[in-house]
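J.: My questions will all concern the structure given below.
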Amino acid sequence: MGFLSQSSKRAFRNPWVVGWLALLLLVLVVNGGMIVTAFKTSPGLVKDDYYEQGRDYERRVIQLTEARERLGWTVSMDSGEVVVARPATLKIVVTDRDGDVVQGLSGNLQLYRPSDRDQDSIVSLSEVSPGNYHASYTLLLKGVWDLLLTLRQGEDDYLVEQRINVTTDKTTSQSQGG
């Protein structure tokens, strides 16, 4: 009756056990890869008109890609340190291929938190000087936020994304909590 042994050393030599463990490991690795891909590629933003946007997705991607190539802008975004419940300003500088500033743009900044749709907001841009734009906002929750900047010139849209981390005010928390 040696085949009914409870010895774990012999079980790992059995090709069936090794095969099942390899299959389980493969499933876990594939699932982990899909989770990482989902976090890196999906902004997680919930849209009210998701069906219409889904139908027009390919056309919209082609349109944005063509506009990006045609315009050739370089966009720099500086959010600085963003603290909970404190007004913040995103500073944006837009230059063209030749390094000249791009004036007269309109657009908005979408602020969204991947985990809480109720905190999402949209603010307008204002041009403070030629090629320099500001968007002022206040975020009420600490943690990760995604910023989606949309710049418009005529019929062309230019999108830029940035992820920021909102912190708590260290001086306030130290004076309150010691």
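The values are calculated or read from the model by the stated rules, or taken from the named source; none is laboratory data. None of the values given here were measured: they were computed from a predicted structure. Ideal geometry is used to build each Cβ from the backbone, glycine not excepted, and the neighbour counts take in all protein chains shown.
J.: Of all the residues that make up the range 126-171, how many are over 29 Å from residue 69 (Cα atoms) and assigned to a strand (DSSP E or B)? Talk me through it step by step, then tell me what you get.
T.: Initial filter on the range 126-171 (over 29 Å from residue 69 (Cα atoms)): 137-144, 165-171.
Cutting the leftovers down to assigned to a strand (DSSP E or B) gives us 137, 143-144, 165-167.
Matching residues across the range 126-171 total 6.
J.: What are the pairs with Cβ atoms under 8 angstrom where one residue, in the range 140-154, is under 18 Å from residue 95 (Cβ atoms) and the other, located anywhere, is among the acidic types (Asp, Glu)? Sequence gap at least six, or different chains.
T.: Cβ pairs passing all conditions: 149/161; 150/157; 151/157.
J.: Search the range 115-138 for residues being crowded, with 17+ Cβ neighbours inside 10 Å and out of contact with any Phe, Trp or Tyr (no Cβ under 6 Å at 6 or more places or on another chain), and hand back the single one that is modelled with the lowest pLDDT.
T.: Selected residue: 131.
J.: Here is a follow-up. Does residue 109 satisfy the condition of being of a type in the set (A, V, I, L, M, F, W, C), assigned to a loop (DSSP other than H, G, I, E, B) and either modelled with pLDDT of 95 or more or closer than 28 Å to residue 139 by Cα (or both)? Lay out the reasoning, then the answer.
T.: Working: of a type in the set (A, V, I, L, M, F, W, C): yes; assigned to a loop (DSSP other than H, G, I, E, B): no; either modelled with pLDDT of 95 or more or closer than 28 Å to residue 139 by Cα (or both): yes.
It is false that residue 109 is of a type in the set (A, V, I, L, M, F, W, C), assigned to a loop (DSSP other than H, G, I, E, B) and either modelled with pLDDT of 95 or more or closer than 28 Å to residue 139 by Cα (or both).
J.: Which of the residues spanning the range 64-74 are of a type outside the set (Val, Ile, Thr) and either part of a helix (DSSP H, G or I) or surrounded by 14 or more Cβ atoms within 10 Å (Cβ to Cβ) (or both)? Before you say what the answer is, go through the steps one by one.
T.: Here is the first cut: in the range 64-74, the ones of a type outside the set (Val, Ile, Thr) are 64, 66-73.
Correct list: 64, 66, 67, 68, 69, 70, 71, 73.
J.: If you don't mind, another one. Out of (1) in contact (Cβ under 8 Å) with a residue 12 or more places away in the chain; (2) closer than 15 Å to residue 78 by Cβ, what's the single condition that is false for residue 128?
T.: Against the list (1) in contact (Cβ under 8 Å) with a residue 12 or more places away in the chain; (2) closer than 15 Å to residue 78 by Cβ, residue 128 comes up short only on (1).
J.: If a residue has to be assigned to a loop (DSSP other than H, G, I, E, B) and touching a residue at least 60 places away in the same chain (Cβ under 8 Å) to count, how many in the range 112-125 make the cut?
T.: Taking the range 112-125 first, the residues assigned to a loop (DSSP other than H, G, I, E, B) are 114-115, 125.
Right, trim to touching a residue at least 60 places away in the same chain (Cβ under 8 Å) and you get 114-115.
Number of matching residues: 2.
J.: Select from the range 75-100 the residues that are loosely packed, with under 13 Cβ neighbours inside 10 Å and either without any contact (Cβ under 8 Å) to a residue 60 or more places away in the chain or not charged (D, E, K, R) (or both) and list them in ascending order. I'd like the intermediate steps shown before the answer.
T.: First, the residues of the range 75-100 that are loosely packed, with under 13 Cβ neighbours inside 10 Å: 76, 78, 80-81, 87, 97-100.
Of everything in the range 75-100, those that are loosely packed, with under 13 Cβ neighbours inside 10 Å and either without any contact (Cβ under 8 Å) to a residue 60 or more places away in the chain or not charged (D, E, K, R) (or both) turn out to be 76, 78, 80, 87, 97, 98, 99, 100.
J.: A follow-up question, please. Quick check on the range 155-173: of everything there that is over 20 Å from residue 118 (Cβ atoms) and free of Cβ contacts under 8 Å to residues at least 40 places away in the same chain, which residue is surrounded by the fewest Cβ atoms within 10 Å (Cβ to Cβ)?
T.: My answer is 155.
J.: Here's another thing I want to ask about it. Do any helices (runs of 4 or more DSSP H) lying entirely in the range 1-61 carry at least 3 residues that are within 30 Å of residue 122 (Cβ to Cβ) and at pLDDT 70 or above, and which ones are they?
T.: Working: elements: 8-11, 15-41, 50-55.
Those helices (runs of 4 or more DSSP H) span 15-41, 50-55.
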